[in-house]
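Let me begin by presenting the structure, written as structure tokens, before commenting on it.
The values are calculated or read from the model by the stated rules, or taken from the named source; none is laboratory data. None of the values given here were measured: they were computed from a predicted structure. Cβ sites come from the backbone with ideal geometry, for glycine too, and all protein chains shown count toward neighbours. When the accessible area is computed, the model is the full protein with side chains, heavy atoms only, and any ligands, DNA or RNA have been set aside. Shrake-Rupley method; radii C 1.70, N 1.55, O 1.52, S 1.80 Å.
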Amino acid sequence: MQYWYSISNISASLQDKLAKAGLKPLSSANPDIEPQNVLLIYSAPNQVLEQKRLEESTATKCDEIHVHYEELSLLSLKYKNISSSWRLDLLDITSIRRLCNGEDPQLDKSNNFPSLKPLSSLLTLAIAKKEPRIIDIYLNLELKSCLFGLEADSNYIQRLIQSSLTDLVLMDWWEVNLDREASFEEVRNSVNQLAQIQNDYESLMKDNERLKNLLRKQKTKNALLLDEIKELRKSSTNQSLSNKLDIEEHNLGWANDERTSQESGIDVRQSSRQLETKNSDKKRQFYIMVLQKLLRLVSRKAQ
């Protein structure tokens, strides 16, 4: 066998075992696959009812349970490898592989039938009373299926009756109410948690927006600081250049003044020399004039 098929959902643990054993699920009864390669899986009526209650939001009807088992009856005519979900779940992965290879693994005979819940047992009896064909098909599947060394569930009706005594049903009903109240409390807590999560989320969004505004302001300040730094760098560059020019100009002025002072010193010395020369010439001319006058006087007296 390579595939398994079930009209209703099976437990996650059983799905995992089948997958590890190499069996693949069929989404529907595929006519292209050989029937001997498919393992048909079924469940007891009370299990189907309980599963529908968990999975479906609206209450199921007796006709729907009846249709479910009529379809199983037709499939059992096609597929010869049949097993109940609870017996199959008792097998380990190695035993399921042996089953796929055509062997007949055996379970410990101390394994009992699954326990029945009083309320679902009472409802199953009521459904079976209205649709007796459901129980007939189930018992027929039990006789056809691989029992793995256990007994067929031939006393299913008696087990339902024993589990649906009035006191047991009342206790089960009360537990259901308690579970429902607990569920309401869980829902209420979940709603409160969701409200708290929403408040925390809104608070985080506000904080995030505030941080974004701070970042935008900081970016603006950083841009202004960068502009100021660029201006300072530019002005400092210009100032240093101006200082260099001033120093050069000062140096040039000092050199010119030095040169001028040197030239002025030379002119003064030359002027003083010229003045001294002129004075000496004037003195000579004066002495010559005095001598000439003296000579004239001498000559006159001699006459």
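General remarks:
- Condition check for Ser83: within 47 Å of the chain's Cα centre (by Cα) and either small (Gly, Ala, Ser) or open to solvent by less than 30 Å² (accessible area, probe 1.4 Å) (or both): yes
- Considering the conditions (1) polar (S, T, N, Q); (2) at pLDDT 95 or above; (3) out of contact with any strand residue (DSSP E or B) (no Cβ under 7 Å at 6 or more places or on another chain), Ser8 is excluded by exactly one of them, (2).
- Count of residues meeting criterion [closer than 20 Å to Ser13 by Cβ, in a loop (DSSP other than H, G, I, E, B) and open to solvent by 70 Å² or more (accessible area, probe 1.4 Å)] in segment 86-112: 3
- Given (1) open to solvent by 70 Å² or more (accessible area, probe 1.4 Å); (2) at pLDDT below 60, index of the condition Ser264 fails: (1)
- Condition check for Thr124 on (1) open to solvent by 20 Å² or more (accessible area, probe 1.4 Å); (2) assigned to a helix (DSSP H, G or I); (3) more than 17 Å from Ser6 (Cβ to Cβ): one failure, at (1).
The rows are residues; the columns are (1) of a type in the set (A, V, I, L, M, F, W, C); (2) modelled with pLDDT of 60 or more; (3) part of a helix (DSSP H, G or I); (4) open to solvent by 100 Å² or more (accessible area, probe 1.4 Å).
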position	(1), (2), (3), (4)
Ile157	yes, yes, yes, no
Arg180	no, no, yes, yes
Ser183	no, no, yes, no
Ser190	no, yes, yes, no
Ala195	yes, yes, yes, no
Leu215	yes, yes, yes, yes
Lys230	no, yes, yes, yes
Asn238	no, yes, yes, no
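- Looking only at residues of segment 7-51 that are acidic (Asp, Glu) and either within 16 Å of Ile93 (Cα to Cα) or free of Cβ contacts under 8 Å to residues at least 24 places away in the same chain (or both), we find that the one that is surrounded by the fewest Cβ atoms within 10 Å (Cβ to Cβ) is Asp32.
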